[in-house]
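Trainee: Sharing a structure below in structure tokens format, with a few things to ask.
The values are calculated or read from the model by the stated rules, or taken from the named source; none is laboratory data. The structure presented is a predicted model; accordingly, all values stated were derived computationally and were not measured. Every residue, glycine as well, gets a Cβ built from its backbone with ideal geometry; the counts of neighbours run over all protein chains shown. To get the accessible areas, we keep the full protein, side chains included, count just its heavy atoms, and leave off ligands, DNA and RNA. Shrake-Rupley method; radii C 1.70, N 1.55, O 1.52, S 1.80 Å.
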Amino acid sequence: MLALQPLLRGRLRTMAKDEMLDDALEAVKPDTSADELGELIGANLKRIRTKRGLSLEALAKAAGVSRAMIGQIETGRSMPTIGLLWKITSALDIPFSTLMGGGERANLRVMRAADAKLLTSKDGSFTSRALFPFEGDRKTEFYELVVKPRSLEKASAHAPGTVENIVVTKGRIEISVGTEHVALDAGDATWFNADLPHSYANPGDEEAVMYMVITYAQSVG
């Protein structure tokens, strides 16, 4: 999930020969630990797409990815990265966490670290772990974000009215929102309007960890 081996990369290049190669390389065949999440994302994507009456081609065009890649995700054959999910969910105008929902609501839920739903960036330098159940309507989401040394992760603007509240627990994080920039050390926190393009950078030589609460203007789920 974190890196493409040369053989797998070659297979994906062949598979995407006449389509969007960069997007094809943004997803990999799930390993055993990611199979369940990949299948869940695929099933939810297909359900939402068909409910809206969208063809594979229509969604692929709106998201700017290949039709073959959408098909592979829906069948659970490819595990999408954070970047690829942003493209698809932005085209559908839904949070990417919507694609990871499933199961029944309960009064008490435990999310074991061993069963965590992890999403990673294309190069594996940025990892997001959901710390909340996806079932039901909600206006807030809670994540653990890990950024490797000397890495940068860019995020597209979220839906209007969306805000992020972040606290750094390890290392240093530099956050840019529009034209504004701030540096946070362990223990520092920030709040910002996430309906603007923003980014998270780790300028240091050690892994950085932060926790993020996203609040939406409208309920999602």
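Trainee: Carbon and sulfur: what percent of segment 64-221's accessible surface (1.4 Å probe)? The partial results should precede the final answer.
Mentor: Working: 3810 of 7560 Å².
Carbon and sulfur atoms account for 50 percent of the accessible area of segment 64-221.
Trainee: To the nearest 0.05, what FRET efficiency results for residue 142 and residue 36 with a Förster distance of 22 Å applied to their C-beta separation?
Mentor: According to the calculation, E is roughly 0.60.
Trainee: Holding the Cα-Cα limit at 32 Å, pick out from 117/170; 61/170; 51/148; 46/170 the pairs that are longer than that.
Mentor: Long pairs (Cα-Cα over 32 Å): 61/170; 51/148; 46/170.
Trainee: Same structure, new question: What distance in nm separates the two pseudo spin-label positions at residue 199 and residue 159, each 7 Å out from Cα along the beta-carbon direction?
Mentor: For residue 199 paired with residue 159, the spin-label model returns 2.7 nm.
Trainee: Please give the peptides 77-87, 183-193, 204-214, 120-130 ranked by average Cβ packing (other Cβ atoms within 10 Å per residue), highest first, as a rough proxy for protection.
Mentor: 77-87, 120-130, 204-214, 183-193
Trainee: Which order, highest average first, do 164-177, 44-57, 146-159 follow once you tally other Cβ atoms within 10 Å for each residue and take the mean per peptide?
Mentor: 164-177, 146-159, 44-57
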